Amino acid sequence: MSFVTLVRHGQANSSARDEDGYDRLSDLGWQQARWLGGHFRQTGERFARVYTGTLRRHVETAQGIGADCAAPVMRDARLNELAYFTMAQKLEDQHGVAMPLDRESFVDHLPVLFRHWQDGLLHDIPESFEAFEARVGAALRDIAAGDGRALVVTSGGLIGMAMRIVMRLDLAALAHACLAIENSSLHRIQPLSTGLAMTQFNAVPHLEAPDRHFARSHI
C-alpha cells in the first residue's frame, strides 16, 4: 500500500461550453503545472508511479509537471472527469435549469446538477452517478494497492468523488468540496489498516509566493 497524491489539472479553457472545447490547458494552466513540477523538484519529491486520465488536459498537466519518475506515465480512463457540460445541457433541456455562464452561477448550479444526477432524473447521459462512483473507487483502490508513492493527475470532480468515498461525504458536502478545488492543487491519501485516509486537501504550495497569487484559479 502506498501514498497517493492527487493533482487537479491546470486551468483549462474556461470560456468553453462543451467537453471538447474545455479540454486543453490555457497558458496559465501550463504555467501552474510547470511551477508545481518545480516545487516537487525543489522538495525532492519522487514518485514510483505516475497516472493520468486520458483527457488532453490531464496529459498536458503531467507533461508540464515533468515528475521525477523512472516509470512511464500510465493513462487510465477511469481517472477521467464526469461529463459536466453534457449533463448541464441535459439538465437545461429536460428540466429547464439554465447552464451557468459565470462562476457565481456555477456555484449554485453544481449541487442542483448533482442532485438530479444521483436521483436518476437525467436521461441519455454518458454514465450514471453510481457508475462514476464505482469507477473512481476501483481506480483509487487499485492505485493505493500498488508499490511506491503514486502521482495521479486528474480532475476536480473525480477528486471530489474520491473524497466522498474516503470521508463518506453526503451529496451536499461532495458538491461543496468540488467547488473549492483549485487548479493544479494537491490532495493526498494515505492507506491505513482501517482504510484510506485523507491527509491533505487543496494545497497549492507552488502558488503561495506573493508574486504568484494571481495564478490561483478554480475554473
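The values are calculated or read from the model by the stated rules, or taken from the named source; none is laboratory data. Since the model is a prediction, treat every value here as computed from it, not as a measurement. In this analysis, Cβ positions are derived from the backbone assuming ideal geometry, glycine residues included, and neighbour counts consider all displayed protein chains. Remember, those area values only see protein heavy atoms, side chains included, never the ligands or the DNA or RNA. Shrake-Rupley method; radii C 1.70, N 1.55, O 1.52, S 1.80 Å.
Residues in segment 154-175 that are free of Cβ contacts under 8 Å to residues at least 60 places away in the same chain and either of a type in the set (V, I, T) or farther than 18 Å from L79 by Cβ (or both): how many?
7
Name the single residue that is farthest from R24 (Cα to Cα) among those in segment 61-72 being among the aliphatic types (A, V, I, L, M) and touching a residue at least 40 places away in the same chain (Cβ under 8 Å).
A67
May I ask you to list pairs of residues, at least six apart or on different chains, whose Cβ atoms are under 8 Å apart, with the first in segment 40-60 being closer than 15 Å to L6 by Cα and the second being open to solvent by less than 30 Å² (accessible area, probe 1.4 Å) and aromatic (F, W, Y)?
R57/Y22
List the number of the failed condition for D124; all other conditions in (1) open to solvent by 10 Å² or more (accessible area, probe 1.4 Å); (2) without any contact (Cβ under 8 Å) to a residue 60 or more places away in the chain; (3) over 22 Å from A67 (Cβ atoms); (4) assigned to a helix (DSSP H, G or I) hold.
Exception for D124: condition (4).
Cβ contacts < 6 Å: first residue within 20 Å of G137 (Cα to Cα) and of a type in the set (G, A, S), restricted to segment 73-100; second residue at pLDDT 95 or above and surrounded by fewer than 17 Cβ atoms within 10 Å (Cβ to Cβ), any location; separation 6+ or different chain. Result?
What qualifies is A77/T54; A83/P126.
How about segment 1-106: which helices (runs of 4 or more DSSP H) wholly inside it have at least 3 residues that are open to solvent by less than 20 Å² (accessible area, probe 1.4 Å)?
Here the list reads 27-42, 56-65, 84-95.
Exactly one of (1) out of contact with any strand residue (DSSP E or B) (no Cβ under 7 Å at 6 or more places or on another chain); (2) of a type outside the set (S, T, N, Q); (3) modelled with pLDDT of 95 or more is unmet by R103. Its number?
All conditions are met except number (3).
Considering only residues that are hydroxyl-bearing (S, T, Y) and either touching a strand residue (DSSP E or B) at 6+ places or on another chain (Cβ under 8 Å) or open to solvent by less than 10 Å² (accessible area, probe 1.4 Å) (or both), which ones fall in segment 178-196?
Scanning segment 178-196 gives S184, S185.
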